[in-house]
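For reference, the structure discussed in these notes is given below.
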Amino acid sequence: MLRRDTYKDKKGQKGFKEVYTAEKLDQNSVDMFIKLNNDHLSGVLERSIEESKRKGAADDDGAAMLARFEKVCQVFMPDFAKANMLAKRYRGYYQLGTRLIYILAAFAVIIISTQFLTDYPLEIPGWKLLAEIFSMVTILGIIEYGNRVRWHERWINYRLLAEHCRFAIFVAMVGKKVSTKASLKKVNIYQLEDDDSLFSYFRGVRAKWEAAETPVTGKGSFAILKDFVRDAWLANQRKFHKIKGKKHKNAHKRLSFVGESLFALTLAAAILHYVYFGGLLIGRYLKFAAIAFPVTGSTLAALRSISEHNKLARTSEEMVYELTLLQEDLAAVEDINGLIQVSEEALELTLKEVSNWHVLIGFHKPEAPA
């Protein structure tokens, strides 16, 4: 859940807009991102126009839709590009920092447990103690720096802004007022009302479009928009979630397999250590394995838990199913009002998925391993 003081420092001076606008990105990369997305969406729109022409639509309808698309992208695409790129940046920082925290915690234990491989298991050399201390100090440093810079909160909030701008492009094309308030209430997303919030910033972006918006008219325009919403929004999101769901499911299976394998090896090492009466060398390795394997397995379990691969995979599977139903509903639509209704349902579905993701990921802040 977004807090009212999410982006304010100890002196209460910085709000979302100030922090967001101060973020620096390579302008060439931003321009390239905008161009690639504009080209992709305009390509889909042009194919929809050609299809509508074959069905008898007027040339003026196609020209009007291209002009509308250009205006919509001028309003929403810059913030979509910036927020999306920043979300990826801070997600990378957060994931790297989190992985280092758990890996270093495991390393601190394993480096000391290697002493069981020597002839003097109780005489730990200074360099191993320093390595353990370095690991723990680094963990605390990562946590402190990550919380101060707010990798996690920036990733979450920039992703929310990017998703709002993404669906706003399609909703604006259809001609529906780009308002999320009613839909937000339906899916129980907590909406801040203070002037310094993410949603307040988005309302400012939305207002630019509402000031220039023109109504959608003409049967040809409806046919074009119907194909555009189907291909550029619903089909594209369905494809995205199909790939995303498979990716998360495979990641969960890999981590589970490795973790279960380490547990089995730990059990084997413990049994052998209990019944083994042979040489000292094998006994040393069994003692080391009995410590190192469960520590490594616990680290993988922690990484699997904070990544939420299994839950995210199920969410994507549900999205694929719901988007398939929406595509079927869209196929039966015969006028602009029906198209708006389907767009509203798609908007609510998108907001629900964003809300679930926010609740799922929003509480996994960097913290020291227990």
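Among residues of the stretch 19-36 that are in contact (Cβ under 8 Å) with a residue 60 or more places away in the chain and over 14 Å from Gln74 (Cα atoms), those with a Cβ under 6 angstrom from a residue that is surrounded by 12 or more Cβ atoms within 10 Å (Cβ to Cβ) and hydrophobic (A, V, I, L, M, F, W, C), sequence gap 6+ or separate chain, pair up as Glu23/Leu86; Leu25/Met85.
The set of residues in the stretch 125-177 that are without any contact (Cβ under 8 Å) to a residue 12 or more places away in the chain and not in a helix (DSSP H, G or I) contains only Pro125. For the stretch 78-98, indicate whether the set of residues that are farther than 27 Å from Ser305 by Cβ, among the charged types (D, E, K, R) and touching a helix residue (DSSP H, G or I) at 6+ places or on another chain (Cβ under 8 Å) is non-empty. Checked the stretch 78-98: at least one residue is farther than 27 Å from Ser305 by Cβ, among the charged types (D, E, K, R) and touching a helix residue (DSSP H, G or I) at 6+ places or on another chain (Cβ under 8 Å).
Which is of a type in the set (Asp, Glu), at pLDDT 90 or above and surrounded by fewer than 15 Cβ atoms within 10 Å (Cβ to Cβ), of Glu123, Glu23? Exactly one residue qualifies, and that residue is Glu23.
Candidates in the stretch 41-81 are the residues that are closer than 18 Å to Leu234 by Cα and of a type in the set (S, T, N, Q); of these, the one that is surrounded by the most Cβ atoms within 10 Å (Cβ to Cβ) is Ser48.
The values are calculated or read from the model by the stated rules, or taken from the named source; none is laboratory data. None of the values given here were measured: they were computed from a predicted structure. Heads up, the Cβs are rebuilt from the backbone with ideal geometry, glycines too, and the neighbour counts pull from every protein chain shown.
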